[in-house]
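J.: Could you have a look at this structure, given as structure tokens, before my questions?
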Amino acid sequence: MSIKLKSVGKTYQLGQTTVHALRDATLEIAQGEFVALVGPSGSGKSTMLQLMGALDQPSSGEVWVDDQPVNQMSDHELAKIRRNRIGFIFQSFNLIPVLSVFGNVELPLVLQRVPRQERHDRVYAMLERVGLTERALHKTEELSGGQRQRVAIARALVTNPTIVLSDEPTANLDSKTGEEILALMQRLNEEQHVTLLFATHDAKIVKHAKRVVSILDGRINNDQLTAGA
Ligand SMILES: Nc1ncnc2c1ncn2[C@@H]1O[C@H](COP(=O)(O)OP(=O)(O)O)[C@@H](O)[C@H]1O
Ligand SMILES: [Mg+2]
């Protein structure tokens with residue numbers, strides 16, 4: 001699955017002020033890439049991830065998913081793409097506090113109508129990979145920041161998405177856990193050609209990425225538009 005931004009602008013209205021979160025952003029992420037999106041706080045990284053995941057509409061320009069403009073897709077089509085093909089790891093995790101770790105990771109599979117036994121097996125396999133088997137039946141509000149981060153990662157990966165969009169995925173992890181998660185993601189990229197786009201400050205991620213795109217004040221650095229090796 002490829003995602004393209006074509007001259008995308010995004011503004012937010014804050015009272016009288018117009019905030020230009022993205023300006024004339026043109027970028028293509030091809031299937032199988034591993035891209036780090038770097039830039040200081042407020043530069044537009046989260047905005048860009050939301051637009052690339054079709055969670056929000058641009059103010060100008062177009063977002064394309066697989067040679068089809070998102071603004072021409074029906075809500076049903078978009079919901080299907082988000083449910084089946086895109087894994088999101090949000091900065092704020094967006095976990096459901098009243099559900100257990102198991103319940104949070106299981107949820108996307110429930111939405112996909114995966115049968116119960118298969119859900120159980122896939123959730124536990126995923127929890128093992130992120131080192132949370134022992135916490136499966138705990139509520140997420142009982143977990144540390146790093147553990148919640150791992151739940152969010154497990155929930156994003158359990159559906160075997162074709163692309164994972166991730167907002168600062170290692171920000172709350174200790175360096176050992178961060179390395180393990182990064183190794184897991186890298187394996188998914190290399191073995192299953194899962195496309196990875198990470199907004200990050202983490203030098204380790206930047207080092208592993210095959211391409212680095214930098215963004216400043218809503219503008220993508222145009223020297224880095226072409227796909228790297
Ligand atoms: N919902 C919103 N309403 C108003 N301004 C916003 C909103 N979301 C982001 N912004 C503004 O847009 C700019 C880019 O924000 P963001 O995409 O979150 O940057 P980053 O993720 O790089 O920190 C910032 O100036 C931010 O304050
Ligand atoms: Mg952000």
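J.: Within the set of pairs 6+ apart or on separate chains, which have a first residue in the range 158-178 that is within 30 Å of ARG113 (Cβ to Cβ) and free of Cβ contacts under 8 Å to residues at least 60 places away in the same chain, a second that is of a type outside the set (A, V, I, L, M) and more than 16 Å from ligand 2 (Cβ to nearest atom), and C-beta atoms under 6 Å apart?
T.: Pairs that qualify, where the first residue is within 30 Å of ARG113 (Cβ to Cβ) and free of Cβ contacts under 8 Å to residues at least 60 places away in the same chain and the partner is of a type outside the set (A, V, I, L, M) and more than 16 Å from ligand 2 (Cβ to nearest atom), are VAL158/ARG122.
J.: Out of the residues in the range 172-187 that are at pLDDT below 85 and within 15 Å of the chain's Cα centre (by Cα), which is farthest from ALA152 (Cα to Cα)?
T.: LEU184
J.: Also, quick follow-up: Just the residues that are assigned to a strand (DSSP E or B) and either of a type in the set (Phe, Trp, Tyr) or away from ligand 1 (no atom under 16 Å from the Cβ) (or both), please, taken from the range 85-120.
T.: Within the range 85-120, ILE86, GLY87, PHE88, SER100 meet the criteria.
J.: Working carefully through the options LEU55, LEU27, LEU49, LEU37, find the one that is part of a helix (DSSP H, G or I) and within 17 Å of the chain's Cα centre (by Cα).
T.: Matching residue, one of LEU55, LEU27, LEU49, LEU37: LEU49.
J.: So which residues in the range 22-52 are in contact with a helix residue (DSSP H, G or I) (Cβ under 9 Å, 6 or more places away or on another chain) and buried (at least 17 other Cβ atoms within 10 Å of the Cβ), if there are any at all?
T.: Step one: list which residues in the range 22-52 are in contact with a helix residue (DSSP H, G or I) (Cβ under 9 Å, 6 or more places away or on another chain), which gives 22, 25-27, 29, 32-34, 36-39, 51.
Residues satisfying the conditions are LEU22, ALA25, LEU27, ILE29, GLY32, GLU33, PHE34, ALA36, LEU37, VAL38, GLY39, LEU51.
J.: Here's a follow-up. If you scan the range 22-57, which residues turn out to be free of Cβ contacts under 8 Å to residues at least 24 places away in the same chain, polar (S, T, N, Q) and closer than 18 Å to LEU216 by Cα?
T.: SER41, GLN50
J.: Taking the criterion of being open to solvent by less than 60 Å² (accessible area, probe 1.4 Å) and at pLDDT 95 or above, would at least one residue in the range 136-148 satisfy it?
T.: yes
J.: For the range 126-135, give me each residue that is under 16 Å from GLU179 (Cα atoms), modelled with pLDDT of 90 or more and open to solvent by less than 10 Å² (accessible area, probe 1.4 Å).
T.: Matches in the range 126-135: LEU132 only.
J.: Which condition breaks for VAL19 when tested against (1) more than 16 Å from ligand 2 (Cβ to nearest atom); (2) surrounded by fewer than 21 Cβ atoms within 10 Å (Cβ to Cβ)?
T.: Of the numbered conditions (1) more than 16 Å from ligand 2 (Cβ to nearest atom); (2) surrounded by fewer than 21 Cβ atoms within 10 Å (Cβ to Cβ), the odd one out for VAL19 is (1).
The values are calculated or read from the model by the stated rules, or taken from the named source; none is laboratory data. Only a predicted model underlies this, so the values are computations on that prediction, with no experimental measurement involved. Here the Cβ is made from the backbone with ideal geometry for all residues, glycine too, and neighbour counts use every protein chain on show. Areas reflect the complete protein model, heavy atoms only, side chains present, ligands, DNA and RNA absent. Shrake-Rupley method; radii C 1.70, N 1.55, O 1.52, S 1.80 Å.
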